[in-house]
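Below is one structure, written out as structure tokens; comments come after it.
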Amino acid sequence: MGTTAERLIDLVRSQGLIRPCDLASMGIPRVSLTRAVRRGQLERVGRGLYGLPGREVSAHGSLAEVARRVPKGVVCLFSALRFHGLTTQAPFEVWLAIENKSLAPKLDFPPLRIVRFSGAALTEGVEEHVVGGVTIRITGVAKTVADCFKYRNKIGLDIALEALREAWRGKRMISDDIWRYARICRVANVMRPYLDSLT
């Protein structure tokens, strides 16, 4: 096995999933991907995405794929609720927040549901988690609950209320955090009666 192939495999081991554009900084030619796939050292996970064959795929594997393809996106709403264990429903799409004026990414798989955020609504309350060796950006529990109230017309008030109750009962957020994100999302007045009933 040549040094280029070894560096390629090391890169995939360290990053979990790679895209062809990730190779330029390492000085690895793109044709190495094709050769590694033919030799069975790598597998094509999706269009423009490669990983080790037989790698462990978690329940949140689709979030890792989206994170590698859309690095500036933030996993939010239904997908964040599922990741944090705040809902029993499994979304068939990955809910992704992007900058207000950004072009919407086009992926064959997994299907995306794009939501546009701006300013503090996009940058505040974002956590980084590692899934399958890939770092994903995802809204934290309190921010996700506030986002659910902001987008209650899209996801349903019942889902927002379920998320609020589960997060509060499980002590997954504190009152100061939820109020902070409610103000950022401009839903403090909407959330007040529900929060008052919990406290």
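The values are calculated or read from the model by the stated rules, or taken from the named source; none is laboratory data. Just so it is clear, the structure is predicted and the values come from calculations on it, not from any experiment. A quick note on method: Cβ atoms are made from the backbone with ideal geometry, for glycine too, and the neighbour counts reach across all protein chains shown.
Table for the structure above
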{"quantity": "So Ala182, is it buried (at least 16 other Cβ atoms within 10 Å of the Cβ) and farther than 27 Å from Ala64 by Cα", "calculated": "yes"}
{"quantity": "Residue ID - farthest from Gly46 (Cα to Cα), chosen from residues in the stretch 113-136 that are among the aliphatic types (A, V, I, L, M), surrounded by 14 or more Cβ atoms within 10 Å (Cβ to Cβ) and touching a helix residue (DSSP H, G or I) at 6+ places or on another chain (Cβ under 7 Å)", "calculated": "Ala121"}
{"quantity": "Among (1) of a type in the set (D, E, K, R); (2) over 20 Å from Leu81 (Cβ atoms); (3) in a helix (DSSP H, G or I) - the single one Lys106 does not satisfy", "calculated": "(3)"}
{"quantity": "Checking Ala59 against (1) under 21 Å from Val134 (Cα atoms); (2) at pLDDT 85 or above; (3) surrounded by fewer than 20 Cβ atoms within 10 Å (Cβ to Cβ); (4) in contact with a helix residue (DSSP H, G or I) (Cβ under 9 Å, 6 or more places away or on another chain), the condition it does not meet", "calculated": "(2)"}
{"quantity": "Any chance Glu99 is out of contact with any helix residue (DSSP H, G or I) (no Cβ under 8 Å at 6 or more places or on another chain) and either of a type in the set (Asp, Glu) or under 16 Å from Arg152 (Cα atoms) (or both)", "calculated": "no"}
{"quantity": "Hits in the stretch 184-199 - residues which are within 23 Å of the chain's Cα centre (by Cα) and either acidic (Asp, Glu) or in a helix (DSSP H, G or I) (or both)", "calculated": "Ile184"}
